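Read the structure below first, then the notes.
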């Protein structure tokens, strides 16, 4: 049997609420500390206790850590999902199961290992009876560790981190891991091909979840006001703020430079942030789709009243009792046009945990610069799962507080100003904040009906001018939002566009498409709307552009079609959303299903390419003329 | 725009200039666009008078409102104050967030019975329990004016309106709702009783925390039937003042503005050291007794009284912001040096991760 080293998946099937997350995180972190690229994804139901839940780990020496659909190693601890778990193991795979589950193991094409999980825990006198169930999860960590050569020192390091150095739980849990490993050593014969071998590919990296990163980044962005309401999967952003604000913004006098308020609902959460943002505070809220639905009216008002505020949307499937613990990129078009009347929002699209940190502070800058709501679109996979990441970096630019007049500036201009006067031609006026003591500082804020001096007006011409200025602001925003990142291949013939948490799956699919199908691609990961000039350039290069995303309707594709009708024929939507994190398999298959082989020979198509472009341009001009 | 507005704090020997160095004109707003005779206009005038007489600096006040006739009125007073006309029923959340920006500011919110008792009931109740430092005025007329005459949640059962027919539901009592949500200052008045409105406003401004003023403000256009609860005639006939009230500014040594008539006098000390003096018409009504306040409201309901005056006050509860232990500098004057953690902190943060 050929060894398979550092290239496999591990799936653990347990019951929700059984305390297996410590065990699963320990496996993940141990492998990470062994220097092997790894990811872990919790695929859990909306339930506190009892329903089946899975944790899937991808180990890959080449760094492809998207979710893998093939199950190489399966660990079954839940009688309710036992049959399904057993059936899911790929031929030649390994199946570890708790031997108290009395169900038949009917497959001969896999290596099956019974584990006397409960017996081993009972035998350990150091584990009090009330902890047995929790600690029993550690036994499978030990058995697995023994069979795949997981480094016990790294397991200890993972447990030490998890229990924050508290010796008693560390000893108890590590004892159970060792007991499992010793039992396996004495009783199991290795029959599967999967092994871990130490590498150095994670040296210098950290492991974190996107929500914690978002909270930390927001703190480095100098957040001053947070209004929020609990919702899965966004809650841990607010909890992260509560945990880290006191540590990172500690002052000698013990006083606070921030306030975090748990609101009565999402309407109030954003309402408070809008009030705070209006009055000059760096304000943010975090929520998920159902919360954004409730925030819609305030988001629309903030767009028209030009109030900076940052809204994190950790996307999940919904509404109501939908699939609230499943990941998606389903709120894109909703957010793009959020609010009634004409409106276009700014969205920032972090692609990994590092960018969750970076966009945490950057979004506050963009919001205050453009004076508008900024939506940061994360998702459950990025927000709640542990990802490998570059260490977070200190902001490389000073805070951008945007255009503000204090008493001093107002004195200099003798109080001659208008809140919505476009003196700089970029669509953005100057703000003043309540508390400003200059007698000309104040203005009255309302929705759409105001003139450049914030005076009430329902005049058509005033309304039109205001709307045009708002459009200019959107143009200005392009200079301030993050540009896309590119993963290009020499000789690429097609383009791939994606955003957010799907990057790992796309990179792997890109590799497979080239290696197995000879399709060379350039991949652009969009990081914000409005689209920057880099996007314009990319789109002009390919006649096949695959827009890959985790939803049903191809929402990014819809936005691209609206913004770039001239390329409409080139966009091919590859949209798929089943609630699970993206896998290379569906990306690859999705692209192949829509891929069209170039009709002509390479040499010819190259020559004709410029001519073709001209023809397209002509056609576009023609159709324009026709319309007129 | 003029450039010649006087800074607050100026001095002049003009008797029309108050201690803040301002004239009454400095407290005015744009001309009202509400109906002639609307109770809301009278309330706006009393807000102007109360602020002028207490020498409040306009820049010290921030105005908030929701949507409706009442919510339009913040433009009719205090041109020199910042104002935010927000969403229907959502004024409390905007005020809550905004007031965090500068803890020295006082909020004045103007809402209506539709805005607070229907669409905004949730936020109304929660702004009470948070004890946000603002005066919360409900201009209560039992009817939706701006949409031309629909029944509101404070309209009495059996009220008939032209296009709505008869109201089948029991009304919501703003003061009762405020009190059961732990409001720290609850008062009711009647727009036609200008003196009482003004004195209650002064007391509310001095209160450190949420101060609810439910002001019955008849709608002359859509709900002024003689028998209707929110009409001038009915209110005048059924008004049952709890006490006469006089507000005494802090540092003012003279206790009474005018001679009081006989009866028990009770002083209530406000948080800013000012005092309100209540002259009880009822047998020793004590507005610091929550139990008594609930009883008197229930009595009024059963007897069809419009009970006016300061129903309840509690001066020792900390306001929302004071519970947050904020720095002395207003938050909206902090800079990057105060807000962004030091460069060395990034290593600490990375070390906290696995």
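The values are calculated or read from the model by the stated rules, or taken from the named source; none is laboratory data. The structure presented is a predicted model; accordingly, all values stated were derived computationally and were not measured. All Cβ positions, even for glycine, are placed from backbone atoms using ideal geometry, and neighbour counts span all protein chains on display.
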Test result for residue A:294, more than 7 Å from every other protein chain (Cβ to nearest Cβ), part of a helix (DSSP H, G or I) and surrounded by fewer than 24 Cβ atoms within 10 Å (Cβ to Cβ): yes
Residue match in segment B:291-298 (condition: more than 7 Å from chain A (Cβ to nearest Cβ), surrounded by fewer than 18 Cβ atoms within 10 Å (Cβ to Cβ), in contact (Cβ under 8 Å) with a residue 40 or more places away in the chain and not in a helix (DSSP H, G or I)): no
Considering only residues that are in a loop (DSSP other than H, G, I, E, B) and within 11 Å of chain B (Cβ to nearest Cβ), which ones fall in segment A:422-443? A:432, A:433, A:434, A:435, A:436, A:437, A:438, A:439, A:440, A:441, A:442, A:443
Can you find a residue that is within 20 Å of the chain's Cα centre (by Cα), part of a loop (DSSP other than H, G, I, E, B) and buried (at least 18 other Cβ atoms within 10 Å of the Cβ) anywhere in segment A:372-394? yes
Could we say that residue A:284 is away from chain B (no Cβ under 11 Å) and under 18 Å from residue A:368 (Cβ atoms) here? yes
Identity of the residue in segment A:213-256, within 7 Å of chain B (Cβ to nearest Cβ) and surrounded by 24 or more Cβ atoms within 10 Å (Cβ to Cβ), that ends up farthest from residue B:346 (Cα to Cα): A:227
Quick one: is residue A:324 within 11 Å of chain B (Cβ to nearest Cβ), closer than 30 Å to residue A:31 by Cβ and either out of contact with any helix residue (DSSP H, G or I) (no Cβ under 8 Å at 6 or more places or on another chain) or touching a residue at least 60 places away in the same chain (Cβ under 8 Å) (or both)? no
Sort out which residues of segment B:73-85 are at negative phi, more than 8 Å from chain A (Cβ to nearest Cβ) and without any contact (Cβ under 8 Å) to a residue 60 or more places away in the chain, and write them in order of number. B:76, B:77
Looking at A:499, A:564, which one is touching a helix residue (DSSP H, G or I) at 6+ places or on another chain (Cβ under 7 Å) and surrounded by fewer than 20 Cβ atoms within 10 Å (Cβ to Cβ)? A:564
What is the residue count in segment A:395-415 for residues that are closer than 12 Å to residue A:441 by Cβ and part of a loop (DSSP other than H, G, I, E, B)? 4
Scan segment B:327-354 residue by residue and report those that are more than 7 Å from chain A (Cβ to nearest Cβ), surrounded by 12 or more Cβ atoms within 10 Å (Cβ to Cβ) and closer than 20 Å to residue A:280 by Cβ. B:329, B:333
Scan segment A:7-35 residue by residue and report those that are part of a loop (DSSP other than H, G, I, E, B) and touching a strand residue (DSSP E or B) at 6+ places or on another chain (Cβ under 6 Å). A:16
Could you list, ordered by first residue, the pairs with Cβ atoms under 8 Å in which the first is in segment A:586-605 and surrounded by fewer than 11 Cβ atoms within 10 Å (Cβ to Cβ) and the second is modelled with pLDDT of 95 or more and in a loop (DSSP other than H, G, I, E, B), at least 6 apart or interchain? A:596/A:544
Name the residues in segment A:369-421 that are within 12 Å of chain B (Cβ to nearest Cβ) and in contact with a strand residue (DSSP E or B) (Cβ under 9 Å, 6 or more places away or on another chain), would you? A:386, A:387, A:388, A:389, A:390, A:391, A:392, A:404, A:419
Working only within segment A:144-164, note down all residues that are within 24 Å of residue A:133 (Cβ to Cβ) and either exposed (fewer than 14 other Cβ atoms within 10 Å of the Cβ) or free of Cβ contacts under 8 Å to residues at least 40 places away in the same chain (or both). A:152, A:156, A:160, A:163, A:164
All but one of (1) in a strand (DSSP E or B); (2) surrounded by 14 or more Cβ atoms within 10 Å (Cβ to Cβ) hold for residue A:139, so report the exception by its number. (1)
Against the definition (surrounded by fewer than 16 Cβ atoms within 10 Å (Cβ to Cβ), at pLDDT below 65 and outside any strand (DSSP E or B)), how does residue B:262 come out, yes or no? yes
Of the residues in segment A:173-195, those that are surrounded by 21 or more Cβ atoms within 10 Å (Cβ to Cβ) and in contact with a helix residue (DSSP H, G or I) (Cβ under 6 Å, 6 or more places away or on another chain) come to A:173, A:174, A:176, A:177, A:179, A:180, A:181, A:184, A:194
Quick count over segment A:447-477, residues being away from chain B (no Cβ under 14 Å), touching a strand residue (DSSP E or B) at 6+ places or on another chain (Cβ under 9 Å) and under 24 Å from residue A:363 (Cβ atoms), is 2
Failed item, numbered, when residue A:356 is tested on (1) within 14 Å of chain B (Cβ to nearest Cβ); (2) outside any strand (DSSP E or B); (3) within 26 Å of residue A:469 (Cβ to Cβ): (3)
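Listed here are the residues, each with its yes/no results for (1) closer than 30 Å to residue A:435 by Cα; (2) under 13 Å from the mean Cα position of the chain (by Cα).
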| position | (1), (2) |
| --- | --- |
| A:333 | no, no |
| A:342 | no, no |
| A:350 | no, yes |
| A:355 | no, yes |
| A:367 | yes, no |
| A:402 | yes, no |
| A:408 | yes, no |
Tell me which of these residue A:289 doesn't satisfy, since it passes every other one: (1) surrounded by 18 or more Cβ atoms within 10 Å (Cβ to Cβ); (2) facing chain B (nearest Cβ under 7 Å); (3) in contact with a strand residue (DSSP E or B) (Cβ under 8 Å, 6 or more places away or on another chain); (4) farther than 15 Å from residue B:98 by Cβ. (2)
Within segment B:200-221, can you find the residues that are farther than 22 Å from residue B:317 by Cα and buried (at least 24 other Cβ atoms within 10 Å of the Cβ)? B:215, B:216, B:217, B:218, B:219
Those residues of segment B:73-85 which are part of a helix (DSSP H, G or I) and out of contact with any helix residue (DSSP H, G or I) (no Cβ under 7 Å at 6 or more places or on another chain), in sequence order: B:74, B:75
Exactly one condition in (1) within 14 Å of chain A (Cβ to nearest Cβ); (2) out of contact with any helix residue (DSSP H, G or I) (no Cβ under 7 Å at 6 or more places or on another chain) is not met by residue B:321; state its number. (2)
Please work out which one of (1) surrounded by fewer than 19 Cβ atoms within 10 Å (Cβ to Cβ); (2) in contact with a helix residue (DSSP H, G or I) (Cβ under 9 Å, 6 or more places away or on another chain); (3) within 11 Å of chain B (Cβ to nearest Cβ) is the condition residue A:268 fails and give its number. (1)
